[in-house]
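A quick write-up on the structure given underneath.
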Ligand SMILES: [Fe+2]
């Protein structure tokens, strides 16, 4: 029996307690976390500050690790593991990044609704984000449940999008922010992939409306019609009633299922330090 306890925070997200995730987990605990993720999509662990190694070990117990956008933009890295994403406005030398620094564009791109690594195959399954340093104001993370979003679509829309596929490209959301300075070599490293707009979760059986900022066109549609459809669907998916807003405390670890939710960071003042670390697992196909 696992000692995992759950307390709802919203119609989908839940606070998880009763486990010390800094320590190796039993098989029962891992299964309990996976079942809780199937149901909730977002789990919040409070007061669980992790070392980098503890965070990597926790993530590894839940699946193979994903490298994400670092495949495109490598460069200097101040964390101990390439598989830990440095979600911060701090440069590799530990100093605050100035506004022109590439790191800040990444921060802004994270403020668009997205699913981590939807631009690659395999895509990301679980992201686990740990809060280290927080600004005095803002910088919350919001989550929207794509299963609730699908269920709430009108029937005509469900019929319209059944069988359609969207193309996801890592740099599309960057391009929309004017971040266009990528070499052909960098673009070739991460070619676009396509995902069905409507998916069925193999574990829960629930249908999912899979959209987000990396989706740039719909196969078989003109660019304009496809983009409008993607914008409409994302607007539908992220209406307030489907959103959980997480207000961070140092030591929080929030874990989400990228195949069932989208998320975005919220505004904060880039002249204040905000440092979080993310470990991510890859989806394993069944
Ligand atoms: Fe993200």
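Every number in this text was worked out from the coordinates using simple rules, so none of it is lab data. These numbers come from a predicted model, not from an experiment. Heads up, the Cβs are rebuilt from the backbone with ideal geometry, glycines too, and the neighbour counts pull from every protein chain shown.
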Problem - Linear extension gain, residue 121 paired with residue 181, 0.36 nm per residue minus alpha-carbon span - result: 19.2 nm
Practice task
With springs connecting C-alpha atoms under 10 Å apart, model the chain as a Gaussian network and identify which of 98, 252, 38 has the largest mean-square fluctuation.
Solution key: 98
Practice task
Compute from the Cα atoms of the range 1-138 the Rg and the Dmax, the latter being the longest Cα-Cα distance, and quote both in angstrom.
Solution key: 16.2, 51
Problem - Value in Å of the Kirkwood radius, where the range 74-210 supplies the Cα pairs that are averaged - result: 17.6 Å
Handout entry: Extension gain (nm, one decimal) between residue 17 and residue 67, 0.36 nm per residue minus Cα-Cα
Key = 15.2 nm
Completion exercise
Output row, site residue 159, 7 Å Cα→C-beta label point, backbone N cut-off 11 Å, window the range 217-250, residues none
Handout entry: Anisotropy class of the chain from Cα gyration tensor, a/c 1.5 cut
Key = oblate
Fill in the blank from the handout: Residue span residue 245 to residue 52: 0.36 nm per residue of separation minus Cα-Cα distance leaves a gain in nm of 67.0 nm
Handout entry: Over the range 216-257: Rg over Rh, Cα atoms, Kirkwood Rh
Key = 1.22
Problem - Separation in nanometres of the label points that stand 7 Å from Cα toward Cβ, at residue 98 and residue 219 - result: 4.6 nm
Handout entry: Shape call, the range 143-282: gyration tensor on alpha carbons, a/c limit 1.5
Key = oblate
Exercise for the section: Identify the residues of the range 8-24 with backbone N under 19 Å of a label point that sits 7 angstrom from the Cα of residue 60 along the Cα-to-Cβ direction, or state none. Expected result: 20-24
Practice task
Determine the distance separating the Cα centre of the range 255-286 from the Cα centre of the range 153-225; give it in Å without decimals.
Solution key: 18 Å
Practice task
Kindly list the residues of the range 226-253 that lie in the label zone of residue 133, defined by a backbone N under 15 Å from the point 7 Å along the Cα-to-C-beta vector.
Solution key: 250-251
Exercise for the section: Would you mind ranking 233, 153, 50 so that the residue whose beta carbon has the fewest other beta carbons within 10 Å leads the list? Expected result: 153, 50, 233
Handout entry: GNM flexibility winner over the chain from 236, 114, 40 (Cα, springs under 10 Å)
Key = 236
Handout entry: Cα-based equivalent ellipsoid, the range 238-286: semi-axes from gyration tensor eigenvalues, Å
Key = 23, 17, 10
